[in-house]
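Shown next, in structure tokens, is the structure this report addresses.
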Amino acid sequence: MTGRQQRSPFPRPFRRNPVVRALCTLVAGASVVTGCGVLPGGSGGSREPVTVMTWAPEGTAATNMPGMPAMAKAYARWVNAAGGINGHELRVLTCNERNTSAGAADCARLAADKNVTAVVGSYSQHGNAFMAPLEAAGIPYLGGYGIAEREFTSFVSYPVNGGQAALLAGNGMQLGGECGRVSIVRPDTITGDAMPELLNSGLTNEKNKGEGEGGKATDVRAAEDATDYTASAEKARENAADGCVTAVLGDRTETFFDSYRRLPENGGNVRISSVLGSVGQPLVDRTGGSKGLFEGAYVTGWYPQASDPAWAPMRDVLRKHAFGDADIDPADPGVQTTWIAYTALRSVIESIDRDTISSGTLAHALDTGAKVDTGGLTPPLRWRYEDMLGLPGFPRIVNSEVTFQVVRDGQLVALRKGFVDVRGTLSDADTSA
């Protein structure tokens, strides 16, 4: 069944109000929460507060995204300093999902217990664990990072980007036009298993255009939390010949390329590549800038490069309301996605214009045509049936555009002006294997 067939036009089920606890506590082993004790209904104004949650992994051995909840809290300080969102105080709960399915489920159940209006701008690859509790509670998942497949199939999910799928399909298109043979180094996980076919769909797309040699990439599996990737680096470079090696390992991408740069200097003329989230400006800076390994590297992203003027409003908010929080890097795609997700939340709440905003109210507005302008960071966003791609595996995608970037003189800059739409490439991908 397609996503259009799966989704129901009827309102989400009502939820019983949770018992308000005097103290915010969790059972042993549950995820850590900050901001507990802020519950709807206590502002004293004519409009009720809106309580949302943002979760992300922190302090784990694999991928960590502390900037996302930090960005959420900075955004709340900013809007509340100006009177809230259309008169509603914004209250943000945060949760550490620990990069585990149990942690993700804990956060989702806590969101339901706290009766939040939405989960906004969050990161978790454990979609099966967190989406079911949200679906049962009727809580919208607005602007998730895009790493979990369930973000693009669940009726409560409202993505702001095309997720990892769009990045990989776009990376294939970018490399297909620039490289010969390609190797992809990816995590040996269920999430990683779909990556080669998505990349290959882009490579094949460019091959059919006659813009590159195309063909299928060599699939190099690697441990998600390894401390050395020498064997993987050797295999990837050997099979790429004079083409390109692309690595998509999240936080461990830096570890992989550290192993890669230590290989003997006889590997031919191989260029390196990745996607934003695995490689970004901070990594380029700390590995030598224009004199480092990443000079000339190809990078595919969802959004304009961090120096684009469209990011100026976010940077202004961070300067005034982040108080020097070291966790928030404006060039980090997790931080950027959270900014866009909260921009969408604000826009939709303003369009509703009611004294009380419930999860059902928000979902109804999203389903029936609320339109979001992100100031050029994405195309205009809308989540009606007709706005969704409806592709097998990715029916909920409404933004299938990516950007092609390259590292020049130590800076990530646009390789091609504007956005590149990968919807046709995604439709050719077969991720069922």
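With respect to the stated conditions, residue 62 fails to be open to solvent by less than 10 Å² (accessible area, probe 1.4 Å) and either at negative phi or at pLDDT below 95 (or both).
Can you report the number of residues in the stretch 146-159 which are open to solvent by less than 10 Å² (accessible area, probe 1.4 Å) and out of contact with any strand residue (DSSP E or B) (no Cβ under 6 Å at 6 or more places or on another chain)?
Of the residues in the stretch 146-159, the ones open to solvent by less than 10 Å² (accessible area, probe 1.4 Å) are 146, 148, 151-152, 154, 156-159.
Still in the running and out of contact with any strand residue (DSSP E or B) (no Cβ under 6 Å at 6 or more places or on another chain): 146, 148, 154, 159.
The qualifying residues number 4.
Residues in the stretch 153-190 that are under 22 Å from residue 116 (Cβ atoms) and in a helix (DSSP H, G or I): 0 in all. Residues in the stretch 172-191 that are modelled with pLDDT under 90 and of a type outside the set (A, V, I, L, M, F, W, C): 177, 178, 180, 189, 191. Tally up the residues in the stretch 374-433 that are within 30 Å of residue 285 (Cβ to Cβ), without any contact (Cβ under 8 Å) to a residue 60 or more places away in the chain and of a type in the set (D, E, K, R), please. Adding up the residues that qualify gives 2. Restrict the check to the stretch 211-221 and report whether at least one residue is part of a loop (DSSP other than H, G, I, E, B), modelled with pLDDT under 95, touching a Ser or Thr at 6+ places or on another chain (Cβ under 7 Å) and surrounded by fewer than 18 Cβ atoms within 10 Å (Cβ to Cβ). Looking through the stretch 211-221, none of the residues is part of a loop (DSSP other than H, G, I, E, B), modelled with pLDDT under 95, touching a Ser or Thr at 6+ places or on another chain (Cβ under 7 Å) and surrounded by fewer than 18 Cβ atoms within 10 Å (Cβ to Cβ). Pairs meeting the criteria (first residue in the stretch 86-110 and over 20 Å from residue 345 (Cα atoms), second residue open to solvent by less than 10 Å² (accessible area, probe 1.4 Å) and aliphatic (A, V, I, L, M), beta carbons under 7 Å, at least 6 apart or on different chains) are 97/56; 97/104.
Considering the stretch 113-145 alone, what residues qualify as being of a type in the set (Gly, Ala, Ser) and closer than 15 Å to residue 54 by Cβ?
As a first pass, look at the stretch 113-145 and keep what is of a type in the set (Gly, Ala, Ser): 118, 121-122, 124, 127, 129, 132, 136-138, 143-144.
Within the stretch 113-145, 118, 121, 122, 124, 143, 144 qualify.
Any residue at all in the stretch 284-291 that is assigned to a helix (DSSP H, G or I), within 24 Å of residue 177 (Cβ to Cβ) and either open to solvent by less than 20 Å² (accessible area, probe 1.4 Å) or aliphatic (A, V, I, L, M) (or both)? Yes; the residues of the stretch 284-291 include at least one that is assigned to a helix (DSSP H, G or I), within 24 Å of residue 177 (Cβ to Cβ) and either open to solvent by less than 20 Å² (accessible area, probe 1.4 Å) or aliphatic (A, V, I, L, M) (or both).
The values are calculated or read from the model by the stated rules, or taken from the named source; none is laboratory data. Small disclaimer: the values here were computed from a predicted structure and weren't measured. Neighbour counts are summed over all protein chains in view; Cβ atoms, including those assigned to glycine, are modelled from backbone coordinates with ideal geometry. Quick note on the areas: whole protein, heavy atoms, side chains included, nothing else; ligands and nucleic acids left out. Shrake-Rupley method; radii C 1.70, N 1.55, O 1.52, S 1.80 Å.
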